[in-house]
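Shown next, in structure tokens, is the structure this report addresses.
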Amino acid sequence: MKKRPQAHLLKLAKSESLRVSIRIGKDGVNNSLISELENQLEKRTIVKLKINKGMAPNKEDRNQIFARIADESDSFVIFQRGNVAVFTKAGAQ
């Protein structure tokens, strides 16, 4: 059963003031990207991540990439729209 994110986290995740701090480029998902996400989640409650156009052309590919990142970094996707997702620590929601 999936937990729903807390209302304040969801509001923050949807905010336009939250800037993308990690981009997935041509190197794709690698250990340094996972490490960077984990480091940022230690310092902040939520982190916005964006997949560059062309890396994941359809919804299924994006969902798989975001799920893999969440699994490997012990985090959750609390909001996703298009090629942008917002992550939080596993215990934060």
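The values are calculated or read from the model by the stated rules, or taken from the named source; none is laboratory data. Here the structure is a predicted model, which means the values were calculated and not measured. Here the Cβ is made from the backbone with ideal geometry for all residues, glycine too, and neighbour counts use every protein chain on show. Each accessible area value is taken on the protein alone, full model and side chains, heavy atoms only, with ligands, DNA and RNA left out. Shrake-Rupley method; radii C 1.70, N 1.55, O 1.52, S 1.80 Å.
Less than 5 angstrom separates the built amide H of R23 from those of K50, all sequence-distant by 5 or more or on a different chain. Helix 59-73 and the long axis of the chain differ in direction by around 60°, with both axes built from C-alpha atoms.
What longest region of the chain stays clear of trypsin sites (Lys or Arg not before Pro) that DSSP places outside H, G, I, E and B and that have at most 11 other Cβ atoms within 10 Å? Longest stretch, sites excluded: 54-93. Relative contact order of segment 11-93: 32 percent, from C-alpha pairs under 8 Å at least 6 residues apart in sequence.
Could you point to the residue in L49, I65, L18 farthest towards the positive end of segment 3-93's charge dipole, with +1 and -1 charges on the Cβ of Lys/Arg and Asp/Glu respectively? Farthest along the dipole direction, towards plus: L18. Here the chain is treated with +1 on each Lys and Arg Cβ and -1 on each Asp and Glu Cβ, and its dipole about the Cα centre works out to around 500 debye.
For a paramagnetic label modelled on K26 (point 7 Å from Cα along Cα→Cβ), amide N atoms under 14 Å away belong, within segment 37-52, to 52. Counting only residues at least eight positions apart within a chain, or on another chain, there are no aspartates and glutamates with an alpha carbon under 14 Å from that of K14.
One decimal place: the segment N52-Q80 gains 8.6 nm when fully extended, by the rule 0.36 nm per residue minus the C-alpha distance.
Report, in degrees rounded to the nearest 10, the 0 to 90 angle that the Cα long axis of helix 31-43 makes with the longest principal axis of the chain. Approximately 20 degrees, to the nearest 10.
Coordinate range of the alpha-carbon atoms in the chain per principal axis, descending: 33, 30, 24 Å.
With all protein chains in place and a 1.4 Å probe, the accessible surface of the chain carries 47 percent carbon and sulfur. The phi torsions of segment 17-22, fed into the Karplus equation with coefficients 6.51, -1.76 and 1.60 and a -60° offset, translate into couplings of 6, 6, 8, 5, 10, 9 Hz, rounded to whole numbers, with Gly and Pro shown as x. Restricting the chymotrypsin sites (Phe, Trp or Tyr not before Pro) of the chain to loop positions (DSSP other than H, G, I, E, B) with no more than 16 neighbouring Cβ atoms within 10 Å leaves nothing.
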